[in-house]
Structures are given as C-alpha cells and as structure tokens.
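The values are calculated or read from the model by the stated rules, or taken from the named source; none is laboratory data. Keep in mind the model is a prediction, meaning the values are calculated, not measured. Heads up, the Cβs are rebuilt from the backbone with ideal geometry, glycines too, and the neighbour counts pull from every protein chain shown.
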C-alpha cells in the first residue's frame, strides 16, 4: 500500500454491515462466533472453470480496515451511538480466514473462502471481500481463457486502462497478469504490483509530423532498439508497412533491429498475412506483428483459426471489463453461528446454502487429473469418505474411495495475523498454468464445457436435508 | 482528495503516453501547441442520449498528476533518460480544458471535451481523461434511464458495491446519484462525495436469531424509527410479512412507525401486491415496500407495467457495471497541431475525425426543446450559421437560422487553473433533470430511440473534405 493506492478503510462497506454491527454490539452478541462462506453460483460467460484471484489485495485492505476520526465523525452524523463508535475506533479484524491459493482453478457452489470469528467482525468485512474477490477472479478467468487460445510463441498484454471501469483498471491489470498476460500499459498498476509495462506510440504521434515516414524516423531516433511502429494511421499496406520496412532497413545499417509493427484497425487476418509477406520479402523475418482492436478470447481464436500472422495481442475493453459477463455473482453466507449450523432458505432450491463448518478437497483421478471436488464437514476424514453426493439429489453420487486428495484451501490469516501470501503475479500465474494442465480439455472449451462435479459428504448431505426440513416445519 | 481516495498521480497513464512524451521532449516539440478532442462514437445500450459525468474527479486527479521520487525511480528503471525525468519532476498540466457541465445531455460524435496546450502535456493526460469520463458518463446514463421509468413517488438507490468492478464502486456511486439515485450503500463513497447513505439489514441478521420474529424485534429495539425489515429469509408471505406486521404494530404502541419492508427474491410483482394488501389490511398503509434483486431499467419498467406495489428499488450489479454495455467507447483525437488542423483517417469513413479547433452549440426549436447540436469552427458566429450538415453527406442538412442557440461547453480549466466546478452530485442531478425535460420523449425510449442530429458548419464540412482528399492524394 502507498499513497497512490487507496487504503479502503473501514467505511469501504455496505452501510447495512454497519447498522447490523451496531445491532450486534447493542445486543451484546458481537463476540458470538460465526463462520461465513464465500462462493459464487454461476460460471461467468459459461466458462468451465474460474481462476481464483484477489486475495493479496483483500488481505492488504483488511489490514487498513480501521476507523479514523473522520470516519467516526461521519458515522456519528448518521446517528451511530458513542459506545459503538468507541468500539469501532479500536476495531481490528481478529478472525481466521481459509482460502485457496491465488491462481487456483475453482468451481461454482464450493465454499472457497471461510471467514471465522465474532459475528460483528466477520459480517463487517463482507462487502470488502466480495468487491475485491469477485472482480479479480472474473478478470483472471477471462485472461486465462485468452491464454488458452494462443499459439506457441504468441503473447498478450493488457491495454485496457482507458475503458476500464474507473479505478478498476488497477486490479484488472494485476488479474490479467495472473491470468496469463505478459504485462500492462497501466503504468501505475505496473509499478504498484510489479508488472511488466508495455507501450510505444499512438496515432497522434504520427499525426504530429508532416508524414508517416518522418514520424517513424523521429521515433526510432529516440528508441532505436525497442520500437513498435503503429502502421494503420493512413493506410496499412500502402503506407504504414512500406514506411516501417524503410525505417527497419535504416535501423539495420546502424546495427539495430525494429521490434514490431502494430495494426490497430481493419481486417487483422488479411492485413497480417500481407504485412508478414512484405516484411519477409524485405528480409525482416524478425519483425513481429502485434494486433490491438476489440480483441477477446473468441476473436483471437478466430484469427488463429484463419492463420493470421500475429505474434502478440494488445487486449483492452473486452478483457478489463469482462465485456460479455461483467460481474461474478459471488456471495457470502452465514453457515455457523454460536456453534450451530445455519442455512439460508430460498424459493429456488439450488440457492439454499451449505450449513456447518466445512473443508474442501480436490480429488484426482488415476492419471493425476482433477476429478471431483469434495466438501466435507469439518472433522471428517477425507480418506474415510467413500462417496460424495450432489447436494440436492442423493441418487447423483460418485465413489472417491482410494483416490488421491489434497486440501484446496489453506489458512491465510490466523486470528488477525496474515500468513504472508505469494505476492508476485507472475509466480501466481505460473501456479495457475500448472493447475490448468490438470484440468481436462473438455472443461476448457468455450461452448458447453463439461461440468466439473462438486459433491458433499453423506454427513453434510444429511445435515442440510434435516435443516431444510426443520425450517419448513417452522415457517410454512 | 484524502488518504482513502487514490490520488492517481502521473503514472496513472498508458505507458505509450510516456514514451511519446519523451519522444516529443527529445525532439524539442513538447511545447508545440495542440488541441485534442474527446468524443464517443456509439450510444451505450442503444440509448438515445448520454449523461456527461466525471469532470470533478478528472479535474481533481489532474491536480495530483505529478511525478514523485518513487515514480521517477520506476521510470528510470524502464530506461527513461535523466533530462526527461528532470523535466517530469517539475511537470504540471498548464493547459486549457473546455467541457459541458456535468449532468449535461450529450450525444455521440460531438467534441465534448477539448484539451488545448503543449503536445506533451495534452497527450500525457489522455488515459486519465478517458478512464474517468467514460465510466462515470456510462453509469450516470444508466441511472438516468432507471429514473425515467419510475412512477411518481418511487425512488432508487445504489446497492452495487459487492459486484462493482473493484474500486470502480466509488465512481459508480457518485455517477448513480448524478443519474438520479437517491443515495448509495457504499459508505466510503457516501462520505467522500457527500452522498446519502442507505441500508439496514442482511439475511445473516435474521439467521443469527432463533426465529425471524425475534430477529425483527431485536433490530427495531435498536432502530425503532427507521427500520427496513428484510422479509424473504424463510418465506415472504407466510413468515416475513406477518412477522413484520406484528413488529410494526408493536412499534405503534411505542409511538414509532416501521419504515419499510424489503423483498430480495421471488416474483416481485406478485409478492409486492400481496404484501401491500396484507400491510394495508393491518392499517399499515405508511409502511413502504422496497425491492432489490437484479434490477435495471428494463425490469423496473416491467414491474411498473404490472402494477407491482413498490415504493423503492435497490439497484446493484446491473447499474454499477452497466451490465449489458459495460464500456463507453470514448476516444481522444488530435485535431490541431502547430496551428494546423489534423485528421485521423480510417478505413471506416464514419471513424474519420473532425479536424480543427471547434465550438459546440445546442440549437433549440420554437418550443424550447433540444433540436440539433451544431459543431462550428472556432471563430464562426453561430448566429450567422444558416445550415448544418451531416459530416459525411452534404445532402443531409438542416436549416438552423434564427433558432435559439447556446454554447454547450465552458472553460473548466484555464492554463492550468481550475475554475471551481459544481461538486454536489444532487445539484448536478437537478441540472440533469432540467435538461432532460428539454429532450423529446422519442429520444428517451429504450427501443430504437429517435436519433438526435449533430451537424457541422459548411466551413468545417469543407475543411474535413479537403483534408481527406489531400491525405488520399498522399498515401494511396
């Protein structure tokens, strides 16, 4: 954290978390122990998987989640009472948080994060957690899908700052790198998160000179060893590429090599093939071709299917806003209070939550590939769990006895103390790559991906069914 | 600005703005005068209008757009040279900015903001301007569309923090209020921007008590005069509403009135009608009904067409991400350099920009309604402009002689000095309301709205046509 990055503070929350917090405080319930679970219900853009991301920022924000004088003054004006404000002035989150590693491959309807502690503190951080985890997981997922359609040697970078949703550009850049982007054009995000920063010239550079050739020459005078020339300001094939070739040959005379040309408009498949041909004929096989116009995983896949000759992609709006599905629907539900399992009933059966304190396991098949995820009640031994069940349909079940299992979640904060997480987005991305290799290809396709199965133990199945019955008995 | 809000700083920019800046500097061009225009090309979600917003944040950010030691150290590591870094260490934006008032009703392809100054400074702030103006204008527009479908007495508020794109929640809350929201649940945004803050209880409050009635009673003990009870935790009509009625009657005994009930799931049309009936039969006509489940302008319109009995709406994800159209495609194009008009050519004729320094006028019809917007070259007298033309088709033109006109833009920064803008989002929203009354209903409808016409003067038409011809002569 530093002055260029917002330390959200204790008011970075939905107001009702505060009114409820005062309620718990006044009722003397605030230290009664609770467990909340974070999970999302729907796969974004129909993806077969999600890349979990955002924990580093969340843990950082949690440590600045405090109430300063100006915050307390604001709350007093809203009518909060002095004893509660006094309590808030000393507030520090002292709970325990369990979560997957960033970069983990995860699925819907599994308890990804569990937050344990007093009901007041665990409730108060709900909005902060949802806000930061939902968005970065969404963008890391879209980026990972882009990586999945690249050919060998191709790379992509985040160019989205100008169309990012305001300050979301910071987190979009980080999440894009976790998902596989090589870097970002967002200079401040690059500095804050240790990302590679990328960019050379805009059309306006070309327009400030009398002609395009002059503009290219003046640019490579300054950057002889790393220039990427933008070739579509006037006419890509009749002006931009021929001028870039002239400049590249002039650079060769001086012992330099032009890095790349960039095409920002027109038919990328056609233009890249023609430009490649022109560059190769001039002996400039080493000059790369970069494309950057409304790209996403679908368009890049299409360009690659057409054998477009592209070495890199600048991806903007459609990545950083996740254009076709701009929100992950993550929620945060109470599952234990005062030691008792709690349930959120819903008219929609599939929306009824999983009660109790739970553990989450990844089960592998004989080939070392991800096979199932298993949700057990805390204390159950996964080695003794023979079968897991669809939470709503008992007849849908799978035998997992004897298969290798690993815990999918780890303690990231213990009674208010952070266990320092991996912060380097490139190392996190490498972990993601490893994990993605263990996910079957049929779950990676974009159209109707195979649904990865997440099941519950017999004990959890029964607990949930019995709690539903008892609520129905009481409330209908 | 304060410590909870990010002062973006001079690195809040696409990296190529910096490489170009060093290029201009090294070439000794950096003080050559330029004009850039901001405009957007496509109406978001097919809207017939856009609400212009984001200038206060942009002007604030511009004043913190500086390079501190840590920024310069980062740039040095990227290979920037000492003389340029020394220049940056003293960098202050000293240009002039002309823009509409926030809350103005605007249209595509008109130069909304013009930025005049040295080429280096005007280029360097491009990404910052695009990032902040695109997003807030988008959200203010969606909010204004929501307001347009409300019935008399209905209100709506922003509940979107948890699904907002990370830190974008700040600006979404502000823009929502500019667009007509009564307030926000985002407590930090409320404090920073002076917004009304809203919220009472979540399902977890209900779940922490043995039963719903107990949960309601304990809540109104703390908030007897302003409680909104969430009634859908177990069963809205058989449990939630009857319990809320009991509590409301108990409150009446103590001289208080229950404020509202909130329904967060199920069929809002059906449930609200039934709940209204139950409340009225209990003599609780004053208790309001609030709804909050995946709402946007389309769903609220639909609920109102079904005569749902709803007094207020909590609008989240679909507003704060502008779900169906999560980006406004605003761009920033060079139109003048060294006193000469500049043009960006494109394969797509409609994307060719408007050259030269321009003024923008709103033309009224005889009834005082918005009729046309007129773009003139600087120095042209709008009173002497008899006809305006479609920029591409001379035969499409409109006579505006004798009609009332007003300048749509004003100087908001003069040679680096801000002219203090209206900061109060509620006053800005009131201005928007006034302006919206002058926009014909057929431009406000959601399906195929009538297209508001924006034309150019004869002189601008000719300048653009001649510049296109001269480029074609040179480059084909």
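Overview of results
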item	result
Evaluation of residue A:112 against (1) within 14 Å of chain B (Cβ to nearest Cβ); (2) within 30 Å of residue A:23 (Cβ to Cβ) (one fails), failing number	(1)
Pairs, first more than 14 Å from chain B (Cβ to nearest Cβ) and modelled with pLDDT under 95 in segment A:143-161, second part of a loop (DSSP other than H, G, I, E, B) and surrounded by 24 or more Cβ atoms within 10 Å (Cβ to Cβ), C-beta under 7 Å, six or more apart	none
Every residue from segment A:175-193 that is more than 10 Å from chain B (Cβ to nearest Cβ) and not in a helix (DSSP H, G or I)	A:179, A:180, A:181, A:182
Search result, residues across segment B:271-316 that are more than 28 Å from residue B:141 (Cα to Cα) and either in contact with a helix residue (DSSP H, G or I) (Cβ under 6 Å, 6 or more places away or on another chain) or at pLDDT below 95 (or both)	B:271, B:274, B:275, B:278, B:282, B:284, B:287
Residues being part of a helix (DSSP H, G or I), within 11 Å of chain B (Cβ to nearest Cβ) and in contact with a helix residue (DSSP H, G or I) (Cβ under 6 Å, 6 or more places away or on another chain) - total across segment A:5-60	11
Residue in segment B:135-152 that is surrounded by 24 or more Cβ atoms within 10 Å (Cβ to Cβ) and at positive phi present	no
Which numbered condition residue B:165 fails, given (1) facing chain A (nearest Cβ under 8 Å); (2) at pLDDT below 95; (3) part of a loop (DSSP other than H, G, I, E, B)	(2)
Filtered residues of segment A:244-266 (kept if touching a helix residue (DSSP H, G or I) at 6+ places or on another chain (Cβ under 7 Å) and within 10 Å of chain B (Cβ to nearest Cβ))	A:266
Residues of segment B:204-233 that turn out to be within 11 Å of another protein chain (Cβ to nearest Cβ), touching a residue at least 24 places away in the same chain (Cβ under 8 Å) and either assigned to a loop (DSSP other than H, G, I, E, B) or buried (at least 21 other Cβ atoms within 10 Å of the Cβ) (or both), as a count	12
Count - residues of segment B:70-90 that are more than 14 Å from chain A (Cβ to nearest Cβ) and either in contact with a strand residue (DSSP E or B) (Cβ under 8 Å, 6 or more places away or on another chain) or assigned to a loop (DSSP other than H, G, I, E, B) (or both)	1
Checklist (1) buried (at least 24 other Cβ atoms within 10 Å of the Cβ); (2) facing chain B (nearest Cβ under 9 Å); (3) touching a helix residue (DSSP H, G or I) at 6+ places or on another chain (Cβ under 6 Å) applied to residue A:200, failing item	(1)
So residue A:133, is it touching a strand residue (DSSP E or B) at 6+ places or on another chain (Cβ under 9 Å), in the same structural domain as residue A:371 (by TED's automatic domain parsing) and under 28 Å from residue A:389 (Cβ atoms)	yes
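Condition check ((1) more than 24 Å from the chain's Cα centre (by Cα); (2) more than 30 Å from residue A:467 (Cβ to Cβ); (3) outside the structural domain of residue A:118 (by TED's automatic domain parsing)) across all residues:
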position: A:393; (1), (2), (3): yes, no, no
position: A:396; (1), (2), (3): yes, no, no
position: A:407; (1), (2), (3): no, no, no
position: A:412; (1), (2), (3): no, no, no
position: A:424; (1), (2), (3): no, yes, no
position: A:427; (1), (2), (3): no, yes, no
position: A:434; (1), (2), (3): no, yes, no
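Per-residue answers, yes or no, for (1) under 25 Å from residue A:381 (Cα atoms); (2) part of a helix (DSSP H, G or I); (3) out of contact with any strand residue (DSSP E or B) (no Cβ under 7 Å at 6 or more places or on another chain); (4) in contact (Cβ under 8 Å) with a residue 24 or more places away in the chain:
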{"residue": "A:402", "(1), (2), (3), (4)": "yes, no, yes, no"}
{"residue": "A:413", "(1), (2), (3), (4)": "yes, no, no, yes"}
{"residue": "A:429", "(1), (2), (3), (4)": "no, yes, yes, yes"}
{"residue": "A:432", "(1), (2), (3), (4)": "no, yes, no, yes"}
{"residue": "A:438", "(1), (2), (3), (4)": "yes, no, no, yes"}
{"residue": "A:448", "(1), (2), (3), (4)": "no, no, yes, yes"}
{"residue": "A:459", "(1), (2), (3), (4)": "yes, yes, no, yes"}
{"residue": "A:470", "(1), (2), (3), (4)": "no, yes, yes, no"}
